[in-house]
Amino acid sequence: MAHTRPARVLFPVVVVLVMLLAACGGTTAAEEHFRQGNEYAQAQEFEQAIAEFEAALNNDPKHTSARVNLGVAYYQVGRLDEAIEQYEAAIELEPEDADIHSNLAAAYVQQEKLDKALEQYQIAVELNPDLAEAYFGLGVVHIQMGKIEEAIQVIERFQELDTGKDPTATELAKQYLQQLKGP
């Protein structure tokens, strides 16, 4: 009996401590898995990142950042249907997030679903007119759809907003404009 009594006393104390830690910003299991997933993703260990982001979502299904990053990890390993599923679920949680719409559009481009990609990129630039990568993606979609004037317009807008964060996009934008405008 001596062993059960201290356990009964400690249990409420432990519960109170956990509640206090949570109230003071203590790390939740979801946040810990999210943090670990980000570390794996930065190391380009996407399968491990996927496992961690899924664990975060098991602990907190409304953890939008974990859902988006899970979509990114799926995208990186070519699991596009699953990436799209995660982006769509994230949009349900945060419909005004332009970056999520842009990510969803990029996945649609990879699946050659250009109408859906176009729609999502347009939503992204409406929500955030300064989101450079959405203009770049929109330009790529217009090129693939044969809409040359529209492509030129949005790629030029990309160049206005471009900070050089993605050197590949910066260089491709120059090349696309040279090809589209001609000599």
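The peptide list 36-47, 123-134, 60-71, put in order of mean Cβ contacts within 10 Å with the highest first, becomes 60-71, 123-134, 36-47. Would you list, by chain and number, the lysines whose Cα falls below 28 Å from the Cα of Lys147, excluding same-chain residues fewer than 8 positions away? Reachable lysines: Lys113, Lys116, Lys165, Lys174, Lys181. Remark on the chain: ratio of C-alpha radius of gyration to 2.2 N^0.38 Å is 1.38. Approximating the spin labels as points 7 Å out from Cα along Cα→Cβ, the Met145-to-Glu32 distance works out to 4.7 nm. Note on the chain: with charges restricted to the Cβ of Lys and Arg (+1) and Asp and Glu (-1), its dipole about the Cα centre is near 560 debye. Extension gain for the segment Asn59 to Val77, taken as residue separation times 0.36 nm less the Cα-Cα distance, is 4.1 nm to one decimal.
The numbers here are math on the coordinates, done by the rules we state, and not lab data. Values in this document were obtained by computation on a predicted structure and should not be read as measured data. Here Cβ is always computed from backbone atoms with ideal geometry, including for glycine, and neighbour counts include all displayed protein chains.
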